[in-house]
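Asks: Before I ask anything, let me first share the structure, which is written out below as C-alpha cells.
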Amino acid sequence: MKSLMLFTAALLAVGVTGSSCATKKQVRAEVDRRVSTVEGRVETVEGRMGEAEETSQRTSSELRRLEEETRAGLSDAKGRADAARSTAESAEGKSDQLAQEVSRIDSRIADFDKYVFARQSTVYFQTGKWELSSQAMADLDALARSIEDREGYRIEIQGFTDATGSHELNERLSQWRAEATLRYLVERHEIPVFRVGLIGLGSNKPVSDNRTSRGRAENRRVEIRLYANPASRKGDEIAPQARPARVSKDQ
C-alpha cells in the first residue's frame, strides 16, 4: 500500500508539472483512472499469488502423502522380504534334512542286494536215500532257530552224492535230497520259499575220497548256507558254525 501511495504522488507531480492549464478536477480524474488501473493489476497479481500459494500448499500436501505412502510401502516391502528370507531359510533347512534322509534311504536300498555269508549247516544221507535222519532234522532245527528274528536273509541248498551209481542217477538223487531239505524247512519252520534256492550237483565237488567208505559217507550230503543282509532288522548276531565233524561210514 505504501508503494501505491508513492506511485500515486508521483503521478500527481507529473500531472501538475506537465500541464499548467489542467484543472484540479481533470488531474484528479486522471489520477483516479491510473490508480484504478494499477489497483486492478495489483488485484490480478494478488489473485494469481493466492492461486500459486494454494497450488503450492496442495503440492506440499500431496508430496507429504506420497512420502508417507512410500515409507509405508518400504516398511511393508521390508517386512515381506524378511518373511520371505525366513521362509527360504526354513525351506533350506528342511531341504538339507530331506537330502540326508534320501541319502540314508539310498544307502539302505543299495544294501538290499548285498548278502554276506553267516553260517553253514551240513546234513548227511545213507546210500541211495534222500530221507532226513533224526540228526539231520536236529541240525536243520538249529539253523531255523538262528533266523527266527531276522527279516533279510537267503538260504542256499546244494545236494550231493558219492561217486557210486551212474551220473544221471546221482543228479536226480542229489536234487531229491536238496528238495527234502527245503520241504522240511518250509513245512516245519515256515521258511518262505522265495528266500531259498536249491540245486542238485550229483557227485561233483566231493569233500572226501570216494575210494573209502568214510569218504563216500561225507560226500552224501546237503550243504545249507545262510546269507544275511546288513540292511535288514538286526537280531542277535548269527554265529558262524564250524565244519561238521566227520560222519561214520554207515551213515
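Asks: Taking 2.2 N^0.38 Å as the expected size of a compact globular protein, what ratio does the Cα radius of gyration of region 115-228 give against it, to two decimals?
Replies: So region 115-228 has a normalised radius of gyration of 1.04.
Asks: Need the full-extension length gain, residue 49 to residue 84, defined as separation in residues times 0.36 nm minus the C-alpha distance. One decimal, nm.
Replies: Computed gain between residue 49 and residue 84 is 7.5 nm.
Asks: Taking the Cα centre of region 115-228 as the origin and placing charges on Cβ (Lys, Arg +1; Asp, Glu -1), which of 174, 161, 189 is farthest toward the positive end of the dipole?
Replies: 161
Asks: In addition: When the gyration tensor of region 44-90 is built from Cα positions, what are the square roots of 5 times its three eigenvalues, in whole Å, from largest to smallest?
Replies: Square roots of five times the eigenvalues give 45, 4, 4 Å.
Asks: If each residue of separation counts as 0.36 nm, what is the full-extension length gain between residue 72 and residue 33 once their alpha-carbon separation is subtracted?
Replies: 8.2 nm
Asks: Could you list 176, 130 in order of exposure, starting from the residue whose Cβ has the fewest other Cβ atoms within 10 Å?
Replies: 176, 130
Asks: Subtract the Cα-Cα distance of residue 188 and residue 57 from 0.36 nm times their separation in residues, and report this length gain in nm to one decimal.
Replies: 36.9 nm
Rule-based calculations on the coordinates, nothing more; no lab input. Since we're looking at a predicted model, the values are computed, not measured. Positions of Cβ are generated from backbone atoms using ideal geometry, with glycine treated the same way; all protein chains shown enter the neighbour counts.
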